[in-house]
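Okay, so here's the structure we're looking at.
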Amino acid sequence: MVPFVRTKSGLTVFRDGGSPLTVHENHVNFQKIYDGVLNDTITSAEVETLLDEQKTMSVWSQGKIKYDGEQVTYDGFPLHSSLARRLHALYEAQESFEVMEKFIENLYQNPSLNSVEQLYGFLSKNDLPITPDGQFLAYKKVRYDYKDLKSGTFDNSIGSVPSMPRHQVDDDKNVTCSRGLHVASFSYMQHYGSSGTTDQDDVIMICKVNPKDVVSVPVDYDNAKMRVASYEVVGEIPRGEDDPLFTGFMTNATVARLGELIKEFRALDQFKNVKFNDEFGDTETEKELEDMVLDVFYTFNVDSVGKSTEDLAREFLDEFFYSFTMKDLIEYVANHS
């Protein structure tokens, strides 16, 4: 076991016959090292390697976001470890930092340091997508008529923007149920409201939240819900469906389109009784798969500059090695139509 001490700013790891190693929270490998020493699945030599990995990476700078080989900063200020790790993932994937920069700009408009710190935990725990305008997505369960479950007065139909004065939202994270507008991770939906399988049951809405409007993240349910001053309702999950949003911090899909796409897919005979994660490819021939994808791409006008629908269908099939889920198809259609 590698001895260590958890400090306010990170970790101190003690090596046999060597000087202690300091691991700061904003190190891109902090969580990996912390989990390793906590669960006794890492050696001190591996800790050194993970520390050096960051120092040997290329120094990079995109807009106000910079990495100097030691830490990631925004406009000269060190970023929280959760943001630094996500920026590192974007860098590794050679993705633009533009969306993250917008997110951080919005975040830094939040007037409460406590709110910002609590939001880090919520995003880190739930890994919710960031939208192109620098906001993030969460969920809300509402009545069948789209009114909120508690008061029945707030409209939560697609396009609505419920709001209330920030000073009226309880900012004490230790008070689990109190004043404010509530949104949550998808995992929290099972703890609130009805099952959502009939027309008279509750429905789950997809909400877009500006980080500047976050007020508190109650301590119950492990960072799964929050109180905010405002949000925009951008989509609906059809009753009985699984979570239609895709794994990962960012998505190029147009969120408001997802709920409608699911309904349109269900109108096609081959998808009426298919679950999101059921795979096509086990029982279908390659020709049947090609015909299915081509039919879907034509139905939803999937296109790309300089490529035909047939070319895109072939690319999709090659990417998934002729084995894909309904969820894979919906994501691709959302991003290309």
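Values in this text are rule-based calculations from the coordinates and carry no lab data. Since the model is a prediction, treat every value here as computed from it, not as a measurement. Glycine gets a Cβ as well: all are built from the backbone with ideal geometry, and neighbour counts include every protein chain shown.
Remark: the Cα gyration tensor places segment 113-237 in the rounded category, a/c being less than 1.5. Calculated mean residue ellipticity at 222 nm for the chain: -9500 deg cm²/dmol, from DSSP H runs with n ≥ 4 weighted as -39500 (n - 2.57), summed, divided by the residue count and rounded to 500. Distance cut-off 20 Å, Cα to Cα: go down the list Lys125/Lys275; Lys272/Lys327; Lys66/Lys102; Lys8/Lys32 and report the pairs above it. Pairs exceeding the cut-off: Lys125/Lys275.
Take the chain and mark each of the GluC sites (Glu not before Pro) that is in a DSSP loop with at most 16 other Cβ atoms within 10 Å; the longest unmarked stretch, sites excluded, is 96-240.
Build a GNM of the chain with springs between Cα atoms under 10 Å apart, and of Leu258, Leu317, Leu123 the one that fluctuates most is Leu317. Sites counted here are trypsin sites (Lys or Arg not before Pro) in a DSSP loop (not H, G, I, E or B) having no more than 14 other Cβ atoms within 10 Å; the longest part of the chain that contains none of them is 180-271. Its Cα centre serving as origin, segment 4-96 has a Cβ charge dipole (Lys and Arg +1, Asp and Glu -1) of approximately 300 debye. Within the straight-line cut-off of under 15 Å between alpha carbons, the aspartates and glutamates reachable from Lys150 are Asp201, Asp202, sequence neighbours fewer than 8 places apart in one chain being disregarded. Here the Karplus relation 6.51 cos²θ - 1.76 cosθ + 1.60, evaluated at θ = phi - 60°, turns the backbone of segment 32-39 into coupling constants of 5, 5, 4, 4, x, 6, 5, 9 Hz, with x for every Gly and Pro. The distance linking segment 1-15 with segment 288-337 is 49 Å (Cα centroid to Cα centroid, whole angstrom).
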